[in-house]
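Engineer: Next up is a structure, given as structure tokens.
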Amino acid sequence: MTVKTTFPTVFRKIWLTVALFLALALVFGFYVQAEKRIDRAHEERHALFLLAEELRHTSDDLTRMAHGYVATGNPVFKQYFQDIMDIRDGRQPRPENYDLTYWNRVLASPHAPRPRNGQPAALLDLLRQAGVSDAEIARLTEAKTNSDLLTTLEFAAMQLAESNGPRTEANRTTARRMLHDENYHRAKSGIMQPINEFFQLMEGRTRAAIRAAEDRALLLRGLFIAILLAALFALWRAYAGMRRTLGGPVDEIHARMSEIGRGDFSGPIAIAPGMEHSVLAGLLGMQKTLQAHVTERKLAECELRVAAAAFESQEGTMVTDAHGVILKVNRAFTASTGYTAAEAVGQTPRLIRSSRHNADFYRAMWESIDRTGGWQGEVWDRRKNGTEYPKWLTISAVKNADGAITHYVGTHFDITERKRAEDKINELAFFDPLTGLPNRTLLQDRLKQAMTASVRNASHGALLFIDLDNFKTLNDTQGHDMGDLLLKQVAERLTTCVREGDTVARIGGDEFVVVLTGLSALEQDAAASTEAVGEKILAALGQSFSLGAVTHRSTASIGITLFDSQPVTLEDLLKQADLAMYQAKDAGRNVWRFFDPTMQATVMKRAALEADLHEAVRERQFLLHYQAQIVGEGRLTGAEVLVRWQHPVRGMVSPAEFIPLAEATGLILPLGEWVLETACAQLAAWAKQPAMSHLTVAVNVSARQFHQRDFVDQVLAVLDHTGANPQRLKLELTESLLVANIEQIIEKMHALKARGVGFSLDDFGTGYSSLSYLKRLPLDQLKIDQSFVRDVLTDPNDAAIARTVVALAHGLGLDVIAEGVETAAQRDFLANAGCYAYQGYFFGRPQPINDFEALVQRG
């Protein structure tokens, strides 16, 4: 390896770089000292300024104390006068924090100044110690001398002011004049002039010193930058020379040398252009040479290891000669078959052959080996203990250089667990894990096959949808374990009720499906056969079940539909049977019912009406009609609001048609909220009209609506939002509301009653209300149902009920109103019975708002 840039040259560059950096550090030290000298000059200038200012200020402070004493006679000023002189002349130590404002603070404070521990120092001595020049100290000495002369004058004025006798006042006047005359001011200016000259001398001297220090620092700064640039250039040259010599970073060279030392020659070594003769290039040559030797050795070792590992792998391996005689087996073969190597060698593979495959299977296997040189597939073999097991076998023919077969190598692995997993997956995918019956997926496949067979054979088939009656009650009372036990026994009984080719499936919960195939081509005969199976199933499921220690009786409802060659989808068949099952439920349960096409038409009509109802709620296709409520001979006191649906296509839809559907679908909640808000808004509008302000409005509230947790908050929010008077609002409740949660109902009624809302019990006598509950409810009114009013003149029972309701209401202190009054005779009968409030066609039909308001105006 030839290196163009020799190591001595590189080392010279490195030593030059080190020398430059040492020089850089030395210059930097000088530069720092120059900067410090600048700072000291500034500090000296500032200190001299403060000391000279102190001389000026002490003169002013002495003047102020003298004036204060002469003016007031307060001895404190005289004492302060003496203290200032003693401190300035070095007869007293300086107090703490003795600055230019010190005596201002002393005069403002009630406390005397506190001296500081230490040696006294005269002000001029402090100035000399601070390094002032002789000319500067001469100016200060002159200022001090003049200040002392002024002090003598001020002291004389103070002595004159403190003399007692008949001329005391005259002496004080003279003393004050002494502190303000021309001589005094001339002496005062004699102090200031030398001080100002001192400042000029000091300013010139210190500024010159600072400029000199700054010039030196500037020179050193320039020298520092020049040496720094030179050092960086030298460092760059040394780095470049070292890199050309090494051919790359030191870390990379070290890493490559470590890899080669460990025997790792796989790491790539990249040689940059111009680095072909570097240390790194030499490493690359060494790596290639060593790698070639190591690779040859490893290949040989690897071939040996692969051969040994392949033979002693986890797969069972058998080697035979060209005639099929076993020459060698591995440990995995011994473990899977149970035969030792000694028992297997010398035998043929027939040693482990099972009886599952015939001669044709093995003939086809060897034909494939002879034709392609190998074969693989699933085979059942026999272990030494006689058990048969599945395995995946691969056979390969080994040929010599002439192409003649010399050996056969067979490898296999046991797939018993895989086969079990496949069976389990198949079972989970197509069978119900609880009952073992086909699930919905397999049912659909079986049903599809049954429908195809019906078309092919021109026969009928049947689908029976079976739902256990009151299964939920068993789960809720006895627990789900009992429910599961019942479902298992039901599955067993259903299986015994059908033929072997029929299908019994569980599609979820307590729902089962039976598919009958191969029934008669005549629909009547097929129906009769299906009825017989249905009766058999009802009888089987009607027998008592032993659920552990519990004896349980159950029934079922069955929906049946037939199918033949007519095209119909699987989903339609299941829907038809499901509809028929619900017809069986409605018929009292424990019966079967066939699907009727009119049944589907009814369901479709209901579905269409439900879709329209959803849209009607969104689009607000409803309006309110108002039916007058009359008291006595015809005084109109209010109205009951009745919702109407103005369908854009159907026209006016009867409430008897859409209200039950709204209840069933939950749409009664947004619909009821809209009715309440609209009615309250109308109440608020009437309150602004004197002719209408006395009217009340009765609003029907469904049980589902009232049972909402926030029903009270909803009503109060509507009242607040619309501004309606709650005492004009009456909520009509039905007796069906009182079946459950009576305590919550009473609590809600009281909450609304406290705000003034009234309550009327609608359709009284037709429901389930208990008199014990009735007396606890905060009702205002009972409403006699129109079914009693209609025949009150002809049916003694209805007449007796009407009188009883009136008497009950009066006994409970409640108002009573009768609905459905259509004739004067009915009104007169009710009036004679004690009922004086009416509602019905005799007084007026439900009317739109404009017609109702016109009726009120006419009345």
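Engineer: Looking at the square roots a ≥ b ≥ c of the eigenvalues of the Cα gyration tensor of segment 698-856, which shape do they give, rounded for a/c under 1.5, prolate if a/b is larger than b/c, or oblate?
Structural biologist: On the way: a/c = 2.17, a/b = 1.31, b/c = 1.66.
Oblate is the answer for segment 698-856, as a/c is 1.5 or above yet b/c matches or exceeds a/b.
Engineer: Which whole-number percent gives the relative contact order of segment 530-585, counting Cα pairs below 8 Å spaced six or more residues apart? Could you put the intermediate results ahead of the total?
Structural biologist: Working: 45 pairs, mean separation 16.3, N = 56.
Result for segment 530-585 is 29 percent.
Engineer: Checking the table Lys448/Lys585; Lys753/Lys783; Lys688/Lys748 against a 22 Å threshold on Cα-Cα, which pairs fail? Intermediate values should be presented prior to the final figure.
Structural biologist: Working: Lys448/Lys585 27 Å; Lys753/Lys783 18 Å; Lys688/Lys748 30 Å.
Correct reply: Lys448/Lys585; Lys688/Lys748.
Engineer: Nothing charged except the Cβ atoms of Lys and Arg (+1) and of Asp and Glu (-1): what's the magnitude of the dipole of segment 48-187 about its Cα centre? Round to the nearest 20 debye. Write out the running numbers ahead of the final one.
Structural biologist: Values: 17 positive and 19 negative charges, 73 e Å.
I would put it at about 340 debye.
Engineer: Separate question: For the Cα atoms of the chain, what angle does the longest principal axis make with the long axis of helix 182-246, in degrees from 0 to 90, nearest 10?
Structural biologist: 50 degrees
Engineer: I've got another one for you. Report in % the part of the accessible area of the chain that belongs to carbon and sulfur, leaving out ligands and nucleic acids; probe 1.4 Å.
Structural biologist: Numbers: 25300 of 46040 Å².
Carbon and sulfur: 55 percent of the exposed surface of the chain.
Engineer: Given an 8 Å cut-off on Cα distances and at least 6 residues of separation, report the relative contact order of segment 511-634 as a percent.
Structural biologist: The value is 17 percent.
Engineer: Rounding to the nearest 20 debye, state how big the charge dipole of segment 519-586 is about its Cα centre with +1 on each Lys and Arg Cβ and -1 on each Asp and Glu Cβ.
Structural biologist: Details: 4 positive and 9 negative charges, 89 e Å.
So the dipole magnitude of segment 519-586 works out to roughly 420 debye.
Engineer: Let me ask something else. Once Lys and Arg get +1 and Asp and Glu get -1 on their Cβ, which of Leu26, Gly509, Met178 lies farthest toward the positive end of the dipole of the chain?
Structural biologist: Leu26
Engineer: Keeping all protein chains in place, calculate the accessible area per residue for segment 778-859 (probe 1.4 angstrom), answer in Å².
Structural biologist: Numbers: 3950 Å² over 82 residues.
Computed with neighbouring chains in place, this is 48 Å² per residue.
Engineer: Go through [x] 28.7; [y] 30.2; [z] 44.4 and flag the label whose value is the computed Kirkwood radius over Cα pairs in Å for this structure.
Structural biologist: The value computed from this structure is option [z].
Engineer: About its Cα centre, what dipole magnitude does the chain give when the only charges are +1 on Lys and Arg Cβ and -1 on Asp and Glu Cβ, stated in debye to the nearest 20? If you can, show how the numbers build up before the last one.
Structural biologist: Details: 93 positive and 103 negative charges, 810 e Å.
Rounded to the nearest 20 debye, it is 3900 debye.
Engineer: So if I take the centroid of the Cα atoms in segment 30-68 and the same for segment 352-374, what is the distance between those two points in Å?
Structural biologist: 119 Å
Engineer: Per residue of the chain, what 222 nm ellipticity follows from adding -39500 (n - 2.57) for every DSSP H run with n ≥ 4, rounded to the nearest 500?
Structural biologist: Roughly -19000 deg cm²/dmol at 222 nm, from the helical runs in the chain.
Engineer: Something else: Relative to the longest principal axis of the chain, what angle (0 to 90°, nearest 10) does the C-alpha long axis of helix 570-586 take?
Structural biologist: Result, in degrees: 80.
Engineer: Leaving out ligands and nucleic acids, and using a 1.4 Å probe, what accessible area per residue does segment 383-440 come to in Å²?
Structural biologist: Heavy-atom accessible area per residue stands at 60 Å².
Engineer: Could you name the lysines whose alpha carbon sits less than 29 Å from that of Lys399, not counting residues in the same chain fewer than 8 places away?
Structural biologist: Lys298, Lys328, Lys391
Engineer: If you line up the long axis of helix 711-722 against the longest principal axis of the chain, both from Cα atoms, how many degrees apart are they, to the nearest 10?
Structural biologist: Its long axis makes an angle of about 60 degrees.
Engineer: Please say if segment 420-499 is rounded, prolate or oblate, where rounded means a/c under 1.5 for a ≥ b ≥ c the square roots of the C-alpha gyration tensor eigenvalues, and otherwise the choice is prolate for a/b larger than b/c and oblate otherwise? Present the calculation step by step, with values, prior to reporting the outcome.
Structural biologist: On the way: a/c = 2.85, a/b = 1.48, b/c = 1.93.
In terms of gyration-tensor shape, oblate.
Engineer: Something else now. How would segment 818-859 be classified by its alpha-carbon gyration tensor: rounded, prolate or oblate, with rounded meaning a/c under 1.5 and the a/b versus b/c comparison settling the rest?
Structural biologist: On the way: a/c = 2.97, a/b = 2.33, b/c = 1.27.
Here segment 818-859 falls in the prolate category.
Engineer: So what is the relative contact order of the chain, in percent, for Cα pairs below 8 Å that sit 6 or more residues apart?
Structural biologist: Working: 1197 pairs, mean separation 53.5, N = 859.
Rounded, it is 6 percent for the chain.
The values are calculated or read from the model by the stated rules, or taken from the named source; none is laboratory data. The structure presented is a predicted model; accordingly, all values stated were derived computationally and were not measured. Glycine gets a Cβ as well: all are built from the backbone with ideal geometry, and neighbour counts include every protein chain shown. Heavy atoms of the whole protein, side chains included, go into the accessibility calculation; ligands, DNA and RNA do not. Shrake-Rupley method; radii C 1.70, N 1.55, O 1.52, S 1.80 Å.
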